[in-house]
């Protein structure tokens, strides 16, 4: 009997070593080994009483039970469960269930990772898949407002027809017209990568851009950008990839002062030389109206053309819409100093225009990471334009800005106001978490 027990104990030890190697390898891969070792060490310190001796078959059963429990715990620890979602006012949602917003009200999906998807009236969609890193949402008809919270391994997808929108953390609207089989993606914040019919290669869409795509082709431009002037003959359209290559991350910028101040002549000179150098080596000729190149989403070339025409002169003479567009061009080309200069000029010359102060808030938040200033600007938008077209976006960004600035009291105040004014908005889930129980 003892010989048989010894044999089983040896097999058990070998099996435990194998399991240990697998668990340790997975823990190392996910950089979680130090956490597990610390927990085991703490557990060992608390074992002050010696265990009672247990012999015979019970010792083997106990060992197997311990092994099974340890393996199960390690599996759960290393493989967290998939996220879930709930339909606001209804309850837990299911993968594949038809989701159709009623004619009189939107339908909000709240995901356990903090993300949210809002279906406007009559829109239809379904959640196609859920895993621990994200979800796949399929649009059947209508335009969805999507707000995905960025985490270390976020991986979301939105599908429509044959299109796929890859998301890591951003806010955007995705619309699908089933009759014309066309997709529209409007970026509020961040970037996505779109692939599908009419796109020879994936197209990156960033903040402020709108992509319209169908099997016959695609168009990428600024949201609400005016059409090119009739006096300027636009170049013939080129294939999509040559117009909108997938750009890498925007260049790193030096940290700004606490307050945004006008760029000095000393800082502007080298920046202008860099833009002119870009114009000199650009494959696209820079010899026409910068608005034409902006309409084609060639923001670096459009910026270079505007600088060659005379940046300060343009800021002083352009009308409100064109001046805001000029700021958008500079922002999307990565020149935040010039973007701020254009937006400040528009704000000073056209105080009734709402976009400049909102755009300055975006720069402070996304480009400068000056969250206090961003919150002040978004709050200023809401005070000046409480019913403005970007009021809902400004109210949501105000919550984010206050949270990131560490001002919890103001964040709760902003969240309470958001839930009162926009109870089904894309920031509603964040607002509810901020207000608390």
Could you check, for the range 141-148, whether at least one of its residues is within 19 Å of residue 397 (Cα to Cα), buried (at least 16 other Cβ atoms within 10 Å of the Cβ) and in contact with a helix residue (DSSP H, G or I) (Cβ under 8 Å, 6 or more places away or on another chain)?
yes
Here the residues within the range 426-437 that are surrounded by fewer than 22 Cβ atoms within 10 Å (Cβ to Cβ), in contact with a helix residue (DSSP H, G or I) (Cβ under 9 Å, 6 or more places away or on another chain) and either free of Cβ contacts under 8 Å to residues at least 40 places away in the same chain or at positive phi (or both) are 432, 434, 435, 436
Hits in the range 94-111 - residues which are assigned to a loop (DSSP other than H, G, I, E, B) and at pLDDT 85 or above:
94, 95, 96, 97, 98, 101, 102, 106
First in the range 79-94 and closer than 15 Å to residue 113 by Cα, second anywhere and modelled with pLDDT under 90 and assigned to a loop (DSSP other than H, G, I, E, B), Cβ under 6 Å, 6 or more apart
80/132; 82/132; 83/112; 83/113; 84/112; 85/93; 86/93; 87/93
Wholly within the range 299-370, which helices (runs of 4 or more DSSP H) include no fewer than the required count, namely at least 2 residues that are farther than 25 Å from residue 399 by Cα?
299-317, 320-332, 336-349
Being buried (at least 22 other Cβ atoms within 10 Å of the Cβ) and not in a helix (DSSP H, G or I) is the filter here; which residues of the range 394-425 pass it?
425
Kindly indicate whether any position in the range 278-290 is part of a helix (DSSP H, G or I) and modelled with pLDDT of 85 or more.
yes
Would it be correct to say that residue 294 is in contact with a strand residue (DSSP E or B) (Cβ under 8 Å, 6 or more places away or on another chain) and assigned to a helix (DSSP H, G or I)?
yes
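The values are calculated or read from the model by the stated rules, or taken from the named source; none is laboratory data. All of these numbers come straight from a predicted model, not from anything done at the bench. So basically every Cβ, Gly included, is an ideal-geometry build from the backbone, and we count neighbours across all protein chains shown.
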